[in-house]
Amino acid sequence: MEIELMKTTSSVGESCLHLQLTPAYRRDIFANEQVKGLTKIYFAEKAKKLGVLISAMEFGPDHFHAFLVNWKKYSVEKLANEFKGFTSYMMRKFHHELFQEKLWGKKFWSEGYFYRTVGIVTREAVQFYIQHSQKKHWRAVDYHYYKDKQQRLLSEFN
């Protein structure tokens with residue numbers, strides 16, 4: 001995905017955010033393809049309403065990653081609350097039967113979230129991160145995999 005710099009009357013730049021959300025009780029609800037697909041649809045719908053671009057969305061069985069672009073108009077807390085509130089409401093109202101054995105009450109997401117501001121991220125980078133960079137889901141990766149990856153230098157960003 002080609003990301004253009006965001007321009008306002010007083011600034012030019014980019015704002016990219018990695019947001020990770022975890023279902024209530026850290027249940028593996030995203031092992032269900034329907035739950036995963038519907039959550040993705042509702043997340044994208046809310047992003048469109050907020051005017052935030054999604055660079056990538058990926059799932060682990062018990063967590064969700066989104067890489068958001070041009071979210072400058074919102075605080076991280078506001079974004080997390082908007083996304084969690086909307087997706088939780090829609091999933092519980094229309095699809096509760098898909099996960100009722102794992103989640104109960106009015107909860108869909110856990111209370112907290114993880115965030116980190118990042119540079120532009122490709123779908124491949126997100127998939128690599130999810131598959132290889134989390135201690136909990138770590139799988140040994142061959143050194144040659146890393147060696148063949150081309151890393152950009154800081155001087156290239158001038």
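The values are calculated or read from the model by the stated rules, or taken from the named source; none is laboratory data. Keep in mind it's a predicted model, so treat the numbers as computed, not measured. Cβ coordinates were reconstructed from backbone atoms using ideal geometry, including for glycine residues, and neighbour counts include every protein chain displayed.
Structure values in brief
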| item | result |
| --- | --- |
| Top-ranked residue of the range 1-23 - restricted to ones that are in contact with a helix residue (DSSP H, G or I) (Cβ under 9 Å, 6 or more places away or on another chain) and surrounded by 15 or more Cβ atoms within 10 Å (Cβ to Cβ), ranked as farthest from Met91 (Cα to Cα) | Leu17 |
| Residue check for Val35: crowded, with 19+ Cβ neighbours inside 10 Å, in contact (Cβ under 8 Å) with a residue 40 or more places away in the chain and of a type outside the set (Ser, Thr, Tyr) | yes |
| From the options Glu77, Glu58, Glu2, residue that is among the acidic types (Asp, Glu) and modelled with pLDDT of 95 or more | Glu77 |
| Positions within the range 72-120 being charged (D, E, K, R), out of contact with any Gly (no Cβ under 9 Å at 6 or more places or on another chain) and loosely packed, with under 15 Cβ neighbours inside 10 Å, in sequence order | Glu77, Lys78, Lys93, Glu97, Glu101, Lys106, Lys107, Glu111, Arg116 |
| Long-range neighbours under 6 Å by Cβ, at least six apart or interchain, first residue of a type in the set (Asp, Glu) within the range 53-73, second modelled with pLDDT of 90 or more and assigned to a strand (DSSP E or B) | Glu58/His65 |
| Any hit, the range 19-31, residues being of a type outside the set (Asp, Glu), part of a helix (DSSP H, G or I) and closer than 24 Å to Ala125 by Cβ | yes |
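Every residue, every condition in (1) within 25 Å of His96 (Cβ to Cβ); (2) not charged (D, E, K, R), yes or no:
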residue: Ile29; (1), (2): yes, yes
residue: Leu38; (1), (2): yes, yes
residue: Phe43; (1), (2): yes, yes
residue: Lys46; (1), (2): yes, no
residue: Gly51; (1), (2): no, yes
residue: Glu58; (1), (2): yes, no
residue: His63; (1), (2): yes, yes
residue: Phe67; (1), (2): no, yes
